[in-house]
Amino acid sequence: MPQTIFPSLRYRDAREAIEWLEHAFGFEQHEVHTDGDVVVHAELAYRGSFVMMGSVKEDDFGSHQGQGWMYLVTEDPDALFERATAAGAEVVRGLSDQDYGSRDFSVRDPDGNLWSFGTYQPD
């Protein structure tokens with residue numbers, strides 16, 4: 001089944017955020033549409049799923065940034081934790097084993113969005 005839920009985030013400096021997400025978590029650019037220095041719409045891929053993002057702007061959705069919380073499945077949380085912290089991600093919950101069988105962690109990106117990664121895969 002194709003992905004039907006797409007997290008959408010806004011960043012003060014979306015171009016910089018794209019580079020950081022690639023470096024820290026391993027995202028890949030799928031599409032990036034700009035208008036001058038403004039990222040109007042971007043899609044970043046992670047293991048076959050996508051997150052949408054763009055620059056902060058005042059519109060019907062408001063100007064909020066740093067308000068999102070995502071959970072992404074990874075097969076190697078230890079390596080990803082090292083990668084994310086080396087890139088400067090703020091650790092919210094360190095790498096640990098959970099009672100329900102997942103090994104996971106949570107970090108914040110430079111704009112304050114919360115990213116959780118773990119081995120738990122909902123059915």
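Descriptive notes on the structure:
- Qualifying residue in the range 95-104 (condition: under 24 Å from E16 (Cβ atoms), surrounded by fewer than 20 Cβ atoms within 10 Å (Cβ to Cβ) and of a type in the set (S, T, N, Q)): no
- For the range 81-101, the criterion of being without any contact (Cβ under 8 Å) to a residue 40 or more places away in the chain and under 23 Å from Q3 (Cβ atoms) is satisfied by no residue at all.
- Only one of the numbered conditions (1) assigned to a helix (DSSP H, G or I); (2) closer than 25 Å to D123 by Cβ is not met by E82, and that is (2).
- Selection status of V107, open to solvent by less than 60 Å² (accessible area, probe 1.4 Å) and either modelled with pLDDT under 95 or in a strand (DSSP E or B) (or both): yes
- Summed over the range 1-30, the residues that are open to solvent by less than 70 Å² (accessible area, probe 1.4 Å) and either of a type in the set (A, V, I, L, M, F, W, C) or farther than 22 Å from V107 by Cβ (or both) give a count of 10.
- One residue from D59, D99 being in a loop (DSSP other than H, G, I, E, B) and farther than 30 Å from D123 by Cβ: D59
- Filter pass, F27 being over 18 Å from I5 (Cβ atoms) and aromatic (F, W, Y): no
- Whenever a residue of the range 15-29 is in a helix (DSSP H, G or I), its partners that are of a type in the set (F, W, Y), lying with C-beta atoms within less than 6 angstrom and at least six residues away or across chains, give the pairs A17/Y11; L21/F27.
- Scan the range 49-74 for residues that are of a type outside the set (A, V, I, L, M, F, W, C) and open to solvent by 70 Å² or more (accessible area, probe 1.4 Å) and the total you get is 6.
- Against the list (1) open to solvent by less than 50 Å² (accessible area, probe 1.4 Å); (2) in a strand (DSSP E or B); (3) closer than 22 Å to S106 by Cα, the condition A42 fails is (3).
The values are calculated or read from the model by the stated rules, or taken from the named source; none is laboratory data. Everything numeric here is computed off the predicted structure, so don't read it as measured data. FYI the Cβ positions are ideal-geometry reconstructions off the backbone, even for glycines, and counts take in every protein chain you see. Each accessible area value is taken on the protein alone, full model and side chains, heavy atoms only, with ligands, DNA and RNA left out. Shrake-Rupley method; radii C 1.70, N 1.55, O 1.52, S 1.80 Å.
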